[in-house]
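In what follows, a single structure is set out as structure tokens and then discussed.
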Amino acid sequence: KALRALTVPLETLQVLKGHMMQDMRKGLSRQMHAQATMQMLPTFICSMPDGTGKAQGSGLPPTAWVLGKACSLSPLAMPLQLFSFIAKCLRQFLAGFSSPQRRFPLGFVFPFSCKQTQLDKAELTSWSKGFKCTGVEGKDVVQLLQSAINKEELYVDVVALMNDTVGTMMTSSVEDKACEVAIIIDAGTNSCFMAEAQQVEMVEESSGRMCVNTEWGCFGDDTTLSGIMTTYDQRVDKESSNPGKKRFEKLVGSLYLGEIVRHVLVALAAEKAVFTGSNAVSGDQELTLETLGLRPSERDCCRVQQVCRVVVSRAAALCAAGLAAILTHMCQSRELEQLYVNIGVDGELYRDYTRFGEILESVTGLLAPECTITLLPSVDGTGRGAAIVTAVALRLADQRREVDQLLSPLRLSRSDLQRVQALMRQEMDLGLGKETNARSSVRMLPTYVRATPDGTERGEFLALDLGGTNFRVLVVRVAEDSIRMASEIYVIPTSIIQGTGVELFNHIVECIMDFQLKQDLMEQILPLGFTFSFPCQQLGLDKAVLLSWTKGFNASGCVGQDVVQLLRDAALRKQHFTLKVVAVVNDTVGTMMSCGYDDPKCEIGLIVGTGTNACYMEEMRNVGTVEGNEGRMCINMEWGAFGDNGCLDHIFTNFDQMVDEKTINPGKQRFEKLISGMYLGEIVRYILLAMVEKRVLFRGKPCPKLQTKDIFQTKFLSTIEIDGLALKKVLAILRDLDLHASFEDSVLVREVCQTVSLRAAQLCAAGMAAVVEKMRENRGLDQLIVTVGVDGTLYKMHPHFSQNLQQTLQVLAPKCSVTFLQSEDGSGKGAALVAAVACRKAGP
Ligand code: 0WK
Ligand code: BGC
């Protein structure tokens with residue numbers, strides 16, 4: 001009966017595994033964390049030894065201090081006593097080292113549950129295994145040790161604290177056998193494993209993997225283990241220094257197994273099942289058969305052995321249930337069918353009881369058949385692991401310094417952004433001034449669009465949309481209660497956008513004719529609205545002279561020409577006589593009009609796509625370049641060129657310089673080249689190359705493919721920055737670029753992408769803040785309420801761009817409540833609406 005009570009059937013272990021997985025998920029979740037018994041403590045170990053773990057900087061090998069059984073100090077000592085004792089041991093130990101006054105980095109293996117907030121900051125949550133030094137719980141153990149070390153005037157810096165499971169995981173990780181799980185089965189028991197960082201909700205880190213110290217010793221400190229705990233276990237718990245606590249540990253840890261056996265034998269002796277030969281049983285702590293003066297019979301010895309064996313086997317089986325819970329959790333969170341994992345193991349129970357390892361391995365195999373495990377016993381405790389962690393900590397600290405140095409010029413402060421906002425305003429005022437326009441880098445081009453749609457627009461229109469990612473031809477039917485559209489996307493080969501203007505406009509007319517044919521519109525003469533997304537001096541609604549190409553376009557013979565005339569000429573060349581262009585608009589204007597049809601407060605248009613630009617409704621009295629002071633006119637700012645006069649050089653980094661130099665319009669569109677989709681990928685590419693050179697990325701291995709222009713597309717940023725994206729997806733993107741990245745590398749690549757896209761969104765916000773603040777002042781309002789019609793692939797597809805833009809804008813222009821309305825139909829609809837206004841004005 002006793003043996004049966006101490007035997008846990010496989011089904012029960014399966015259920016237990018389920019409970020442990022549930023408890024692990026609770027422990028990892030920010031909401032449920034407090035309800036979990038397994039604390040799932042983040043360790044801030046996000047990196048595995050990568051073979052470069054030589055302690056840079058200090059040049060001295062990291063030392064490791066392992067607090068545990070080794071020290072002969074009473075576990076009940078006063079706090080300062082404990083740490084000054086450690087510091088004194090350190091002094092003795094270092095006395096043997098004839099090192100100059102240079103500082104030693106130290107890794108501290110502290111096998112107790114600690115709430116770690118960084119690698120070198122850890123608060124003791126609770127003592128265990130009989131340790132009870134007062135005044136330490138709730139304190140930062142690293143601080144306590146460091147101040148004791150400083151008192152000893154030792155040149156030692158505690159750079160990392162880790163749990164012994166972590167030290168074991170690192171120690172057992174040899175060359176190509178990186179361990180991602182470790183278990184300790186010693187006086188106490190515990191485990192750790194490399195969890196997907198995004199599942200460790202208690203920390204910000206959302207990418208890569210982080211080692212989690214499960215503190216599974218506390219599992220069952222609620223009632224979950226009551227079905228397994230026997231009366232013997234309850235007695236052991238009751239007599240322990242922390243009754244009700246560390247329930248799982250008290251079923252597995254060697255500090256308790258002896259006691260369990262003793263209580264079993266006491267009970268069996270009381271039931272006359274053993275030692276019936278003599279009545280020497282005293283119930284004292286110590287129960288060694290002979291030493292207890294028992295004259296056990298052969299059978300007693302056999303039964304004592306059976307009891308010992310079943311207690312140890314149960315401990316191993318329970319460990320296996322815990323291990324299986326971890327393995328299945330890892331397999332599921334990595335979305336793997338099969339998981340192959342090396343497990344570092346340490347502790348006397350595993351070392352001294354071969355049976356323990358056998359049961360652990362076989363039962364784990366039964367409970368987690370989808371996982372193939374290799375148990376790697378830690379040969380020399382956790383010391384080497386601690387040294388490795390310290391070396392990794394030093395390497396990461398060095399790396400962090402290098403990364404911060406490289407990225408800090410891209411990290412803009414609030415005052416940096418306010419300065420950009422003020423400069424944009426200054427350039428806007430210059431651009432609006434008749435005398436000063438030429439001095440401004442922001443050309444503030446009048447568009448002759450005097451009002452946003454008022455809903456009276458009617459009719460059927462053709463529309464062209466040129467200048468974005470896609471060239472589209474549309475037919476737009478504007479009725480009283482609806483606008484219906486049909487459109488077709490046509491590719492414009494690079495050879496044409498960088499060929500001659502004649503070829504380009506011929507191609508455009510061919511597409512129009514193809515579209516009209518398909519839409520059965522060849523016979524109809526429909527007014528056409530032309531969205532032409534390049535800087536043009538508008539001379540009328542249907543007359544616009546191209547000032548310069550941007551976004552990789554460079555067709556010859558167009559700059560300085562009226563683009564409507566170029567289109568008409570091409571139509572003539574193509575014998576296409578039904579073309580009737582009535583309006584040409586910039587895509588920002590088209591977008592504003594398109595959104596303005598649904599929201600009358602929409603008086604600003606913004607594009608953040610291949611290029612970037614904005615337009616807004618300005619008071620005619622302020623538009624010095626156009627006659628008249630009444631009403632308003634939409635101004636196409638062409639803010640992409642902001643800074644072309646050097647006013648933004650202070651925020652241009654050498655990476656931006658390198659990108660600009662490789663474009664077909666160096667020195668031009670400088671603001672655009674910090675923000676828009678055509679360039680962000682290139683900025684990232686140059687930063688990654690610099691990091692490879694500094695050996696903080698891809699182990700400094702040369703990356704020939706990364707040398708290729710435009711190989712790192714901006715759409716990669718939008719994917720890589722998706723919250724919670726499993727890092728293997730990032731690794732897949734990098735692999736396609738022949739970049740064989742480690743997890744740390746992919747975390748770093750993500751940080752670079754985040755830094756570049758955040759700067760772009762913030763700069764965009766600084767520009768927009770200048771616009772809305774000007775409109776507020778124009779209208780003498782305390783609070784401006786306005787809508788921005790926005791379009792562009794980067795704004796629409798990037799997971800954080802729009803949010804970062806809006807959050808920054810609120811900070812920079814608090815007196816303006818700005819709504820961003822994404823244009824669903826593109827600016828083609830807007831061009832048709834402008835054409836409708838033009839037709840209404842032109843009359844029948
Ligand atoms: C869609 C608009 C078009 C504009 C484009 C910009 O219809 O006029 O040029 O957005 O975004 P992109 O395609 O460059 O990402
Ligand atoms: C062009 C603008 C256009 C913007 C967005 C810029 O390169 O100069 O006219 O509005 O791209 O497409």
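The values are calculated or read from the model by the stated rules, or taken from the named source; none is laboratory data. Please read these numbers as outputs of a predicted model, since none were measured by experiment. Every residue, glycine as well, gets a Cβ built from its backbone with ideal geometry; the counts of neighbours run over all protein chains shown. For the accessible areas, the whole protein counts, side chains as well, though only heavy atoms, and no ligand, DNA or RNA atoms are used. Shrake-Rupley method; radii C 1.70, N 1.55, O 1.52, S 1.80 Å.
Looking only at the range 193-238, filter to residues that are β-branched (V, I, T) and open to solvent by 50 Å² or more (accessible area, probe 1.4 Å); which one of those is farthest from the chain's Cα centre (by Cα)?
Residue satisfying both the conditions and the ranking: T231.
Scan the strands (runs of 3 or more DSSP E) fully inside the range 137-236 and keep the ones with 2 or more residues being closer than 30 Å to Q81 by Cβ.
Numbers: elements: 156-162, 179-185, 189-196, 209-213.
Counting at least 2 such residues, we get 156-162, 179-185, 189-196.
Spot the failing condition for G433; the list is (1) in contact with a helix residue (DSSP H, G or I) (Cβ under 7 Å, 6 or more places away or on another chain); (2) within 30 Å of G646 (Cβ to Cβ); (3) in contact (Cβ under 8 Å) with a residue 24 or more places away in the chain; (4) away from ligand 1 (no atom under 15 Å from the Cβ), and only one is missed.
(1)
Cβ-Cβ distance below 8 Å, separation of 6 or more or different chains: which pairs start in the range 661-690 with a residue that is closer than 17 Å to D649 by Cβ and end on one that is part of a helix (DSSP H, G or I) and open to solvent by 30 Å² or more (accessible area, probe 1.4 Å)?
E672/M678
Go through the range 237-263 and give me each residue that's part of a helix (DSSP H, G or I), closer than 11 Å to G188 by Cα and of a type in the set (K, R).
Residue satisfying the conditions is K250 alone.
Any idea which of D514, D481 is part of a helix (DSSP H, G or I), open to solvent by 30 Å² or more (accessible area, probe 1.4 Å) and either charged (D, E, K, R) or in contact with a Ser or Thr (Cβ under 8 Å, 6 or more places away or on another chain) (or both)?
Details: D481 fails: part of a helix (DSSP H, G or I).
Only one candidate passes the filter, namely D514.
Kindly establish whether D656 is touching a Pro at 6+ places or on another chain (Cβ under 7 Å) and part of a helix (DSSP H, G or I).
Against the criterion (touching a Pro at 6+ places or on another chain (Cβ under 7 Å) and part of a helix (DSSP H, G or I)), D656 does not qualify.
Which condition does V581 not pass, out of (1) closer than 25 Å to T436 by Cα; (2) touching a helix residue (DSSP H, G or I) at 6+ places or on another chain (Cβ under 6 Å), if it passes all the others?
Every listed condition holds for V581 apart from (1).
Does D164 count as surrounded by fewer than 24 Cβ atoms within 10 Å (Cβ to Cβ), farther than 30 Å from Q754 by Cα and within 39 Å of the chain's Cα centre (by Cα)?
The answer is no for D164.
Could you grab me the full set of residues in the range 789-809 that are touching a strand residue (DSSP E or B) at 6+ places or on another chain (Cβ under 8 Å), open to solvent by 10 Å² or more (accessible area, probe 1.4 Å) and away from ligand 2 (no atom under 15 Å from the Cβ)?
Answer for the range 789-809, where residues must be touching a strand residue (DSSP E or B) at 6+ places or on another chain (Cβ under 8 Å), open to solvent by 10 Å² or more (accessible area, probe 1.4 Å) and away from ligand 2 (no atom under 15 Å from the Cβ): S802, Q806.
Among residues belonging to the range 364-387 that are surrounded by 23 or more Cβ atoms within 10 Å (Cβ to Cβ) and among the β-branched types (V, I, T), point out the one that is farthest from S254 (Cα to Cα).
Checking each candidate, the answer is T364.
What are the residues in the range 608-635 that are in a strand (DSSP E or B) and open to solvent by less than 20 Å² (accessible area, probe 1.4 Å), if any?
Result: V608, T612, N613, A614, C615, Y616, M617, E618, E619, M633, C634, I635.
Within the range 445-464, restricting attention to residues that are closer than 19 Å to N613 by Cβ and part of a loop (DSSP other than H, G, I, E, B), which residue is most open to solvent (accessible area, probe 1.4 Å)? Steps first, answer last, please.
Of the residues in the range 445-464, the ones closer than 19 Å to N613 by Cβ are 445-449, 452, 463-464.
Adding the requirement that they be part of a loop (DSSP other than H, G, I, E, B) leaves 447-449, 452.
On the way: T447: 8, Y448: 75, V449: 8, T452: 33 Å².
Out of the qualifying residues, it is Y448.
Would you check which residues across the range 562-607 are more than 16 Å from ligand 2 (Cβ to nearest atom) and part of a loop (DSSP other than H, G, I, E, B) and list them?
Residues satisfying the conditions are K574, Q575, H576, F577, T578, L579, Y597, D598, D599, P600, K601.
Looking for something surrounded by fewer than 16 Cβ atoms within 10 Å (Cβ to Cβ), assigned to a loop (DSSP other than H, G, I, E, B) and β-branched (V, I, T) - is there at least one such residue anywhere in the range 490-498?
Within the range 490-498, one or more residues are surrounded by fewer than 16 Cβ atoms within 10 Å (Cβ to Cβ), assigned to a loop (DSSP other than H, G, I, E, B) and β-branched (V, I, T).
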